[in-house]
Amino acid sequence: MDKKDIEILVRRRIQELGLDMAGKKEYIIAANWKMNMSEKETKKFLEEVKGVPLADNIKVMIFPPYPYLHLFKEQLRYEKITYGAQDVAKEEKGAYTGEVSAAMLGDMGCSLTLVGHSERRSYYGDSSEIVAKKAKAALAYQITPVICIGETLEERQQDRYKEVLKTQLDAVYRELGNMLEKCIIAYEPVWAIGTGVIPTMDQIHETHKYIYQILNAYGITDNNIRVLYGGSVNAKNVQEIASVNYVNGFLIGGASLKAESFKSIIGLASEV
Ligand code: PGA
């Protein structure tokens, strides 16, 4: 093996571990508030979180309900924290009562949006094809979609999770092609969301590695896309999950609703 081969191998290993070239793993810590919080609580949260020192390897993202986005726009203007919506219309504009377009999110200063959260998929009929169209609509306005994927308990128990994840990803790849590189993936096993149950570290490792294999097969290299883990993440388990290879961050529901708990998760992740 010559020097070049060794260099390639080392680079590859660094990428596998999700490290930056200085050797520190980077983490995205994302808060999904769902349909929680009031205007007053949002203001208080922002006061408490604004100005929190963030290590270079940490990126913080918050997904509040639509009506509070303007508070983020006003208050987080010069902060390192980015924010976005929990969903976006697949259409650009027009007679779509109740929908919010990517352009409108741009007006609110959003640089991100969730798409395909399991609650959207199961309660509101967002199929993988719809999710793909929503991601495309967001990208057209330079909004980064955080595409959520994940299997149900039944699919996990029947050992069908790989096929489910592949089908979900294939649908977005079909619509987006190489633009999928501009997205973030959040792996959220449905059975871990809001249940307090998390997969074993081996299961998380194996599944994230598998997701990267699918992405690699599309021609996307590990370094060009981030895969987050979501489902019952809290201050107690965040460090253990953070040290799993191929985990590049977290999408956090319940434990992100209190500034104290969210800040302690940020602190704990930066220590890993
Ligand atoms: P949870 O939610 O952290 O409350 O399990 C995660 C999510 O749904 O994104």
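The values are calculated or read from the model by the stated rules, or taken from the named source; none is laboratory data. All values reported here derive from a predicted model rather than from experimental measurement. Every residue, glycine as well, gets a Cβ built from its backbone with ideal geometry; the counts of neighbours run over all protein chains shown. Remember, those area values only see protein heavy atoms, side chains included, never the ligands or the DNA or RNA. Shrake-Rupley method; radii C 1.70, N 1.55, O 1.52, S 1.80 Å.
Values for this structure:
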| quantity | calculated |
| --- | --- |
| Qualifying positions in segment 54-99 - of a type outside the set (Phe, Trp, Tyr), under 14 Å from the mean Cα position of the chain (by Cα), outside any loop (DSSP other than H, G, I, E, B) and under 25 Å from Val131 (Cβ atoms) | Lys59, Val60, Met61, Ile62, Thr82, Gly84, Ala85 |
| Residue among Ile185, Ile265, Ile241 that alone is more than 9 Å from the ligand (Cβ to nearest atom) and not in a helix (DSSP H, G or I) | Ile185 |
| The listed residue being modelled with pLDDT of 95 or more, within 16 Å of the ligand (Cβ to nearest atom) and polar (S, T, N, Q), out of Thr195, Thr200, Thr167 | Thr195 |
| Residues of segment 222-234 satisfying the condition of being away from the ligand (no atom under 12 Å from the Cβ), open to solvent by 10 Å² or more (accessible area, probe 1.4 Å) and over 15 Å from the mean Cα position of the chain (by Cα) | Asn223 |
| Residues of segment 102-149 that turn out to be among the hydroxyl-bearing types (Ser, Thr, Tyr) and open to solvent by less than 10 Å² (accessible area, probe 1.4 Å), as a count | 1 |
| Given (1) within 30 Å of Lys133 (Cα to Cα); (2) without any contact (Cβ under 8 Å) to a residue 24 or more places away in the chain; (3) within 15 Å of the ligand (Cβ to nearest atom); (4) not small (Gly, Ala, Ser), index of the condition Asn216 fails | (3) |
| For Ala138: the one exception among (1) part of a helix (DSSP H, G or I); (2) touching a Pro at 6+ places or on another chain (Cβ under 8 Å); (3) within 16 Å of the ligand (Cβ to nearest atom); (4) of a type in the set (A, V, I, L, M) | (3) |
| Among the candidates Met21, Met35, residue that is modelled with pLDDT of 65 or more and over 22 Å from Glu79 (Cα atoms) | Met35 |
| Some residue of segment 82-90 being surrounded by 14 or more Cβ atoms within 10 Å (Cβ to Cβ), free of Cβ contacts under 8 Å to residues at least 40 places away in the same chain and more than 16 Å from the ligand (Cβ to nearest atom) | yes |
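Residue-wise test of (1) among the small types (Gly, Ala, Ser); (2) open to solvent by less than 40 Å² (accessible area, probe 1.4 Å).
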{"site": "Glu151", "(1), (2)": "no, yes"}
{"site": "Arg156", "(1), (2)": "no, yes"}
{"site": "Leu165", "(1), (2)": "no, yes"}
{"site": "Ala192", "(1), (2)": "yes, yes"}
{"site": "Gly196", "(1), (2)": "yes, no"}
{"site": "Pro199", "(1), (2)": "no, yes"}
{"site": "His208", "(1), (2)": "no, yes"}
{"site": "Gln213", "(1), (2)": "no, no"}
{"site": "Asn216", "(1), (2)": "no, no"}
